[in-house]
Amino acid sequence: MPGQSGRGPGHTHPAAHPAPRPHALQTPRAALSRPLFDPLAAVREPGGPRYDVYLTGTVFLDIIFTGLDSAPVRGTESWARGMGSSPGGIANMATALARLGLRTSLAAAFGDDMYGDYCREELEAGEGIDLSLSHTVPGWHSPVTVSMAYEGERTMISHGHEAPPKARSAPGGTAAGGTAGPGAPGGAGEAADAAFDPDAPECPPPATACVSSLVPGRPQEWIATAAGRGSRVFADVGWDETGRWDLAALAELPHCEAFLPNAVEAMRYTRTDCPRTAAHALAEHVPLAVVTLGAEGAYAVDARTGETADVPGIAVEALDTTGAGDVFVAGFVTGSLAGWPLPDRLAFAGLTAALSVQEFGGSLSAPGWPEIAAWWRTTGSQDPGYARYAFLRRILTDCASSVPARRAVPTLGFRPPEG
């Protein structure tokens, strides 16, 4: 995805990120749970890419209601026992990657409103995500999703408008307009027409890896460009609204190193009735096929070596499943870039996803190393049933406690005290 702008993380063109409006609600700044170590330190090479991961897509404001006893009933009012707000859509994936210590670059359109200011601040200042390739669209309001979690499932309502097109400028400049429609991969809104930002820079920046959601019938030329420059491409896919479920419609699949659909998607694309059979069928089209099985875990097939891995899920009480798939992919990408064995990558991805569903929201529910270390100390290392996670012992040797990660809160923020 897009070309480098030369600005460091956390810096954008002044005109592309206008100063906050005087009366905008300001989120209190709190100390963040920064990665306690670099998971890629052992494999980084001098002069390597500036970014570990690049991605593009639509950022939503997610408003999540939890603690509902049942689905809303027509003509009645339901009260939720819990509520949270956080950036959503592609922000789920970007935050999950950043919290695992990967240097993350995101190209996205932000609305010229309080919601857009909030999402940008959370991602840029709060999570350390590089937004120098993102842009703000004047007069465009941010897409919003309301998610209702109950009985381990979620129901979503999203709203958004296509942003007015504008002439493209140089990466990080002021003229790029966001043509982001109502939907985003892996986020609360999942319409396929906004799986990437059409006004993101045409030439991706040098990055070790790229993450994308493939869209049937909608080529994303940047993926081929990124792969041609050496980036390792990891992709999932959303629901095929056309109903054709044709692998040939996923034009970028040959450029991907790994394809990570869920079980239903994998079986539909391969015309099989078993997710593991589907994984083997997909491995004929991509070097590494990973099929997520929900609470049952995940199954992977490495077409290059013939290796398979089957890791069961971790049983947890799910508060909100929003963004769990994104967190899984982020965990798998982290392990892949670090060079871990396939079973360890699969187990780590499942663990991060399991930890995420125990918190509100998509992006701000993503675990960082402190949460992972805490789970290992209090649960994983104490239960013989989790022996398969013993690989964490060598990874977490120097991992100490840290300030708790920021979480979704009922409001966007409080006004600072007067005086």
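Derivation of every value follows stated rules applied to the coordinates shown; laboratory data play no part. Nothing here was measured: the structure is a model prediction, and the numbers come from that model. Here the Cβ positions follow ideal geometry from the backbone for every residue, glycine too, while neighbour counts run over all protein chains shown.
A few comments on the model shown:
- Estimated from the Cβ-Cβ distance and a Förster radius of 45 angstrom, the FRET efficiency linking residue 244 and residue 161 is about 0.95.
- Under 9 Å, Cβ to Cβ, from residue 40 - net charge with Lys/Arg +1 and Asp/Glu -1: 0
- Rounded to the nearest Hz, the phi-derived 3J(HN,Hα) couplings of the stretch 208-213 under the Karplus curve 6.51 cos²θ - 1.76 cosθ + 1.60 (θ = phi - 60°) are 4, 9, 10, 10, 9, 10, where x marks glycine and proline.
- Alpha carbon Rg of the stretch 245-362, scaled by the compact-globule rule 2.2 N^0.38 Å: 1.02
- Length released on extending from residue 264 to residue 153, taking residue separation times 0.36 nm less the Cα-Cα span: 38.4 nm
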